[in-house]
Amino acid sequence: MIEIKQLSKIYSKQKGDRKQALTDVSLTLPRGEIVGLFGENGAGKTTLMKCMLGLLRYEGQITLDGEPITTKNIEKLSFATSEHSFFANLTAQDHEGFYGQHFPKFRKKRFHSLMEFFDLPMKKPLRTFSTGQKNQFEVVLALCQGADYILMDEPFAGNDVFNREDFYKVLLGILEPEETVLLSTHLIEEVADFIGRAVLLRQGQIVADVSTLDLEDAGKDLMTFIKETYDYRGDRIRRVLTQLNEEG
Amino acid sequence: MKSNEGKQKKHLYAPPGMSLWRERALFWVLLTVAILHSLEFFSTLQSHLQSLYERLEQYENWGMINRVTMTDLVVLLRGKFVLFGMPILLCLMAIGNRYRYYHQGSKSIYLMRRLPDRRQWYRSCLVQPTLRILLVIGIMAVLLLVFYAVYMNQVPEGCLLPNQWQKLWRWNL
């Protein structure tokens with residue numbers, strides 16, 4: 001289980017400017033869940049994941065199965081990001097070797113199945129891949145590292161809808177009961193049927209943490225719930241346009 | 001199989017996928033130029049040795065000038081090692097380039113920073129350039145010893161000023 005307690009993160013900018021990216025975030029991720037992490041741009045989704053991975057300094061506490069996250073247990077976490085964390089000059093085959101060398105639990109069989117499923121070339125440098133293929137490969141690596149907790153940050157920015165649909169189905173099919181996925185995305189409606197829990201961040205704070213079953217029981221769909229939580233005002237566009245027209 | 005193992009070992013000491021042939025070639029070229037330049041010491045030594053002697057017309061021969069002393073070794077060495085700074089500078093730049101590589105084309109730095117063996121990141125940036133810097137320093141040391149030995153051997157005892165070795169460390173080479 002990953003436990004995050006009172007996590008805060010402040011970015012210090014130039015000229016002494018400080019931006020509070022996360023404020024007292026507390027969250028628990030038990031094993032075997034697919035959790036959606038939602039929020040507007042700048043809400044702190046990426047920052048939260050980077051803190052979990054130790055890529056950023058933070059205040060607060062993050063533990064993995066009761067232990068702080070260090071080099072001893074970091075292999076239990078994998079990460080797929082739209083920024084891509086693979087080596088652009090290496091081939092998929094080279095990555096297989098690299099991951100095999102550094103991550104003892106690397107899932108070779110799963111790797112080959114997914115490469116075949118997504119029809120990705122094994123012997124071409126990744127820099128020659130299309131954006132969609134790069135995203136797929138990034139996700140393949142995260143799923144095959146042998147991690148118990150798979151963090152995905154906007155993994156499909158640039159993929160077409162069929163591609164994404166395929167991925168969600170594969171994800172549900174291949175994940176083992178012990179594997180946990182934390183998926184940050186703006187594609188709320190697409191993932192609504194695949195996640196078991198939704199965590200909503202707003203301005204660096206968790207504003208909702210709800211299971212999709214509870215939502216179903218309450219007769220609400222995820223999108224409506226998120227809009228309500230965010231106090232989304234659908235009429236504001238119409239009002240702005242009317243205002244502009246009046247001024248014109 | 002062997003080539004795969006070789007590739008994996010290569011990944012340990014260099015950023016995976018980084019093309020290093022230019023850096024390697026430039027290093028060896030600069031090192032060779034620096035060594036060749038330092039060997040100019042021998043011609044400097046030769047000309048200073050010659051200046052210890054004068055032409056004795058009546059004997060149609062050369063004779064040593066009275067009470068003449070040989071120029072200090074440290075003076076002969078001045079500027080001879082300066083070009084070794086180039087390969088060392090290249091190695092320092094190589095460390096920076098390797099670090100930057102993990103931010104180019106993708107953010108592979110995220111992967112390197114979450115490897116169970118965190119030292120791998122430092123290793124891939126530092127080991128090769130550091131070994132090369134040590135090699136340059138080693139070559140400089142060997143050359144210095146050779147130059148010292150040749151100097152002490154070639155300079156006539158009567159012309160030799162004392163404390164040549166100690167004087168080396170009071171000057172900038």
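The values are calculated or read from the model by the stated rules, or taken from the named source; none is laboratory data. Treat the numbers as computed from the prediction; the structure is a model and nothing was measured. All Cβ positions, glycine included, derive from the backbone under ideal geometry; neighbour counts span all protein chains shown. To get the accessible areas, we keep the full protein, side chains included, count just its heavy atoms, and leave off ligands, DNA and RNA. Shrake-Rupley method; radii C 1.70, N 1.55, O 1.52, S 1.80 Å.
Key figures for this structure:
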| quantity | calculated |
| --- | --- |
| Pair list, Cβ under 6 Å, 6 or more apart: the stretch A:76-103 residue within 7 Å of chain B (Cβ to nearest Cβ) and of a type outside the set (A, V, I, L, M, F, W, C), other residue open to solvent by 20 Å² or more (accessible area, probe 1.4 Å) and assigned to a strand (DSSP E or B) | A:Asn89/A:Pro125 |
| Given (1) in contact with a helix residue (DSSP H, G or I) (Cβ under 7 Å, 6 or more places away or on another chain); (2) farther than 19 Å from B:Tyr148 by Cα; (3) open to solvent by 30 Å² or more (accessible area, probe 1.4 Å); (4) not aliphatic (A, V, I, L, M), index of the condition B:Pro16 fails | (3) |
| Complete set of residues in the stretch B:46-70 that are at pLDDT 85 or above, open to solvent by less than 80 Å² (accessible area, probe 1.4 Å) and within 13 Å of B:Pro156 (Cβ to Cβ) | B:His48, B:Leu49, B:Ser51, B:Leu52, B:Val68, B:Thr69, B:Met70 |
| From the options B:Arg170, B:Arg98, residue that is in contact with a Cys (Cβ under 6 Å, 6 or more places away or on another chain), farther than 21 Å from B:Ala34 by Cβ and basic (Lys, Arg) | B:Arg98 |
| Residue pairs meeting the criteria (Cβ under 7 Å; at least 6 apart or on separate chains; first in contact (Cβ under 8 Å) with a residue 12 or more places away in the chain, in the stretch A:152-181; second open to solvent by 20 Å² or more (accessible area, probe 1.4 Å) and not in a loop (DSSP other than H, G, I, E, B)) | A:Asp153/A:Thr46; A:Phe156/A:Arg164; A:Gly158/A:Thr131; A:Arg164/A:Glu190; A:Val170/A:Phe117; A:Ile174/A:Arg110; A:Val181/A:Ile34 |
| Output for the stretch A:75-90, where each listed residue is more than 17 Å from the chain's Cα centre (by Cα) and open to solvent by less than 20 Å² (accessible area, probe 1.4 Å) | A:Phe87, A:Ala88, A:Leu90 |
| The one condition in (1) open to solvent by 10 Å² or more (accessible area, probe 1.4 Å); (2) more than 20 Å from A:Arg197 (Cα to Cα) that A:Glu178 fails to fulfil | (2) |
